[in-house]
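Written below as structure tokens is the structure these notes are about.
The values are calculated or read from the model by the stated rules, or taken from the named source; none is laboratory data. Just so we're clear, the structure is a prediction, and the values are computed from it rather than from any experiment. Every residue, glycine as well, gets a Cβ built from its backbone with ideal geometry; the counts of neighbours run over all protein chains shown.
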Amino acid sequence: MVYRTFGKLGYKVSQLGFGAMRLPTREDGKVDMDKAVELLRRSVELGVNFFDSHHFYHNGESEEALGRALKDVRDRVFLQTKTPMYREATDDERWRWLEDALMKLRTDHIDFYLMHSMTWERFQKEFEPFMRIAQKAMDQGLVRHIGFSFHDTPENLYKIIDTGPFDTMTVQYNLINRSLEEPISYAAEKGMGVVIMGPVGGGMLAAPSEEIRRLLSGEAKSSAEVALRFVLANRSVSVALSGMSTLQQLEENAAVASQEVVLTEEDYRHIREALEEKRRLSELYCTACGYCIPCPNGVDIPANFRLMNLHRIYGLTEYAKVQYRRLGERKDREGNPTPAWAEACVECGECEPKCPQKIPIIRQLQEVVEVLGG
């Protein structure tokens, strides 16, 4: 396993981290603790020393699985967990969540304690209550460092980096979603540890794709391998988290993360150039500006076109078909069907005059049905 320096803190962390949000489960949906513990312990044997969780992953069983598996090697690993400040609770309740996490993790401290799923709007509301808990915990030695996970625009990520006293952040970044690449570099330059979630796009880039496999001049076993190697080739990245549920996934990812050079400079440059060309192609089909919605018949036009781009540009056809069916299965809060797929289009024509690119939306929605609905 190759290790990297974690920002200004200087910790040596495995460049592959274990995201404990997709642990093996039983038929009833509960974590299969025997399999999960075996998987987590094997990851330590392979050199993984960074583990990420959340108070409520797997309905609270994720932290418990980590505690069972890592209690004997606690001094060799780093634990990161997150608290949902957006969930309504008193300070006393939030403190109990922290105490419960320590108990489940079977540890006397958490290395990295994060505000979960930040946007700039949410951060402004929740920073002060988070700091009340976090400062108390740090004063008592229960938390070593604080950070945040993030789901918002690049501009708002810069704001949080500059206003918060954080040692680390966890953000999305992968082959297809590179929107945060510049603030990732900025955070690394400021000495923050940069943890990447979704290096294979939440499983999207694990789907078979010859287009993605061919991005590498050499032989790659899978599109997931190309995706992971691309993220690890970014020297601003401290750790790439993978939510692994099988020993095979773990062994394959660990093999990639054990390479001193995951990509040559030439391969890295070639992939970036190819991705830039694919981005331009994507925007020719649809920039996802959203001017065409809401549709009076509930069609999520940008979502349909985004899935079509995954098929047309990235070769992720089977993944796109699965996600397309899910658009057709959407329901509202009351459980009523609200299908958002292209098949709900009645060709009313309200959308086309609103499109700044003058895309023939109706015709292209018909194409979506033919390709992804077949």
Inset, instruction - Take the residues in the range 81-117 that are of a type in the set (A, V, I, L, M) and crowded, with 16+ Cβ neighbours inside 10 Å, then tell me which one is farthest from ALA20 (Cα to Cα). - result: MET85
Inset, instruction - Exactly one condition in (1) under 22 Å from ILE359 (Cβ atoms); (2) surrounded by 12 or more Cβ atoms within 10 Å (Cβ to Cβ); (3) at pLDDT 95 or above is not met by PRO296; state its number. - result: (2)
Inset, instruction - Please go through the range 188-211 and pick out each residue that is small (Gly, Ala, Ser) and either within 26 Å of SER282 (Cβ to Cβ) or surrounded by fewer than 23 Cβ atoms within 10 Å (Cβ to Cβ) (or both). - result: ALA188, GLY191, GLY198, GLY201, GLY202, GLY203, ALA206, ALA207, SER209
Inset, instruction - For the range 134-161, enumerate the residues that are more than 18 Å from the chain's Cα centre (by Cα), farther than 14 Å from THR81 by Cα and not acidic (Asp, Glu). - result: GLN135, LYS136, MET138, GLN140, GLY141, TYR158, LYS159, ILE160, ILE161
Inset, instruction - Considering only the range 1-52, give the strands (runs of 3 or more DSSP E) lying wholly within it that have at least 3 residues that are in contact (Cβ under 8 Å) with a residue 40 or more places away in the chain and either out of contact with any Pro (no Cβ under 6 Å at 6 or more places or on another chain) or charged (D, E, K, R) (or both). - result: 3-6, 11-14, 16-19
Legend entry - Conditions (1) assigned by TED's automatic domain parsing to the domain that holds ALA188; (2) surrounded by fewer than 16 Cβ atoms within 10 Å (Cβ to Cβ); (3) at pLDDT below 95; (4) not basic (Lys, Arg): number failed by LEU281: (1)
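Between LYS71, LYS82, which is without any contact (Cβ under 8 Å) to a residue 40 or more places away in the chain and of a type outside the set (A, V, I, L, M, F, W, C)?
Sole residue among the options that is without any contact (Cβ under 8 Å) to a residue 40 or more places away in the chain and of a type outside the set (A, V, I, L, M, F, W, C): LYS71.
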Legend entry - Residue that is nearest to GLU260 (Cα to Cα), among those in the range 220-236 that are in contact with a Lys or Arg (Cβ under 8 Å, 6 or more places away or on another chain) and outside any helix (DSSP H, G or I): ALA220
Inset, instruction - Identify the residue in the range 276-299 that is among the aliphatic types (A, V, I, L, M) and on the phi < 0 side of the Ramachandran plot and, among all such residues, is nearest to the chain's Cα centre (by Cα). - result: LEU281
Inset, instruction - Check the range 151-169 and report whether any residue there is touching a strand residue (DSSP E or B) at 6+ places or on another chain (Cβ under 6 Å) and among the polar types (S, T, N, Q). - result: yes
Inset, instruction - All but one of (1) buried (at least 19 other Cβ atoms within 10 Å of the Cβ); (2) within 19 Å of ARG41 (Cα to Cα) hold for LYS71, so report the exception by its number. - result: (1)
Legend entry - Where GLU266 falls short, out of the listed (1) free of Cβ contacts under 8 Å to residues at least 60 places away in the same chain; (2) touching a Lys or Arg at 6+ places or on another chain (Cβ under 8 Å); (3) closer than 30 Å to SER14 by Cβ: (2)
Inset, instruction - Would you please list the contacts, defined by Cβ atoms under 6 Å and residues six or more apart or on different chains, that run from a residue in the range 85-97 that is in the same structural domain as SER149 (by TED's automatic domain parsing) to a residue that is assigned to a loop (DSSP other than H, G, I, E, B)? - result: TRP97/HIS55
Legend entry - Filtered residues of the range 233-261 (kept if free of Cβ contacts under 8 Å to residues at least 60 places away in the same chain and hydrophobic (A, V, I, L, M, F, W, C)): ALA233, ALA255, VAL261
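Does PRO339 fit the bill of being in contact (Cβ under 8 Å) with a residue 40 or more places away in the chain, surrounded by 15 or more Cβ atoms within 10 Å (Cβ to Cβ) and assigned to a loop (DSSP other than H, G, I, E, B)?
On the way: in contact (Cβ under 8 Å) with a residue 40 or more places away in the chain: yes; surrounded by 15 or more Cβ atoms within 10 Å (Cβ to Cβ): yes; assigned to a loop (DSSP other than H, G, I, E, B): yes.
It is true that PRO339 is in contact (Cβ under 8 Å) with a residue 40 or more places away in the chain, surrounded by 15 or more Cβ atoms within 10 Å (Cβ to Cβ) and assigned to a loop (DSSP other than H, G, I, E, B).
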Legend entry - Per-region count, the range 256-275, residues under 21 Å from the mean Cα position of the chain (by Cα) and either assigned to a helix (DSSP H, G or I) or not assigned by TED's automatic domain parsing to the domain that holds VAL31 (or both): 5
Legend entry - Of all residues in the range 167-187 being among the β-branched types (Val, Ile, Thr) and touching a residue at least 60 places away in the same chain (Cβ under 8 Å), the one that is surrounded by the fewest Cβ atoms within 10 Å (Cβ to Cβ): ILE176
